[in-house]
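So the structure is just underneath, and the comments pick up after that.
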């Protein structure tokens, strides 16, 4: 089974997140800054983002609900797949036609499906699952859910992602962790987490052991 993070791994949606966050913060009377916007690249959920951006306010109550509502209303799906994503997914599908392909993201499932569809990637995936109703990564719950849904053992899966949350979720689930360095986290940051594989381009997945098809 191949499980992919969405933002920063399959699609470059950082600009979409920046725009939505800017509007949501303004709606609760806060300005943005480069430091706050940089959080959009760190793979955190809206609760943690709100807590960081507001200096530690609890992610509950009317203000947080206003923040979330404006963010979701203002989120526009314009992010395009990173270079090589479509061609690589097509080749992986050709090599491994019986292996489930899934997306695991902190986004809500309905939003994630929209992003996947807008990016022209829907035909490659058997399952798209957000964290609604589940703990966010690095908790491995979404990976176990995907494994149970597809009937595929988690131990033989690959989790491909761009942040600590993806690597740590894979390690907690006991599957192979593949970190990509072109997304939210840099090579040195990711290397410190000791993923099984570290790649600089998406198409380098084709060279990994067990994915070569040979």
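Spot the failing condition for residue 17; the list is (1) part of a loop (DSSP other than H, G, I, E, B); (2) surrounded by 14 or more Cβ atoms within 10 Å (Cβ to Cβ); (3) modelled with pLDDT of 75 or more, and only one is missed.
All conditions pass for residue 17, except number (1).
Looking at residue 209 and the list (1) out of contact with any strand residue (DSSP E or B) (no Cβ under 6 Å at 6 or more places or on another chain); (2) in contact (Cβ under 8 Å) with a residue 24 or more places away in the chain, which single condition is not satisfied?
With (1) out of contact with any strand residue (DSSP E or B) (no Cβ under 6 Å at 6 or more places or on another chain); (2) in contact (Cβ under 8 Å) with a residue 24 or more places away in the chain applied to residue 209, the lone miss is (2).
Here's the yes/no breakdown for (1) on the phi > 0 side of the Ramachandran plot; (2) buried (at least 17 other Cβ atoms within 10 Å of the Cβ); (3) without any contact (Cβ under 8 Å) to a residue 40 or more places away in the chain:
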residue	(1), (2), (3)
165	no, yes, no
173	no, yes, yes
176	no, yes, yes
183	no, yes, no
196	no, no, yes
201	no, no, no
213	yes, no, no
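Taking residue 25 as the residue in question, decide whether it is at pLDDT below 80 and part of a helix (DSSP H, G or I).
no
Do the conditions hold for residue 100, that is, is it surrounded by fewer than 18 Cβ atoms within 10 Å (Cβ to Cβ) and closer than 20 Å to residue 174 by Cα?
So residue 100 does not fit the description; no.
Of all the residues that make up the stretch 159-181, how many are more than 13 Å from the chain's Cα centre (by Cα) and either in a loop (DSSP other than H, G, I, E, B) or not assigned by TED's automatic domain parsing to the domain that holds residue 140 (or both)?
3
Could you give every pair whose Cβ atoms fall below 8 Å, whose first residue belongs to the stretch 26-37 and is assigned by TED's automatic domain parsing to the domain that holds residue 65 and under 12 Å from residue 52 (Cβ atoms), and whose second residue is modelled with pLDDT of 75 or more and part of a loop (DSSP other than H, G, I, E, B), counting only separations of at least 6 or pairs across chains?
30/54
Here's a check for you: in the stretch 70-91, which residue that is surrounded by fewer than 20 Cβ atoms within 10 Å (Cβ to Cβ) and free of Cβ contacts under 8 Å to residues at least 40 places away in the same chain is nearest to the chain's Cα centre (by Cα)?
Filtering the stretch 70-91 for residues that are surrounded by fewer than 20 Cβ atoms within 10 Å (Cβ to Cβ) and free of Cβ contacts under 8 Å to residues at least 40 places away in the same chain, the one nearest to the chain's Cα centre (by Cα) comes out as 86.
The values are calculated or read from the model by the stated rules, or taken from the named source; none is laboratory data. Just so you know, these numbers come straight off a predicted model, no measurement behind them. Backbone-built Cβ (ideal geometry, glycine too); neighbour counts: all protein chains shown.
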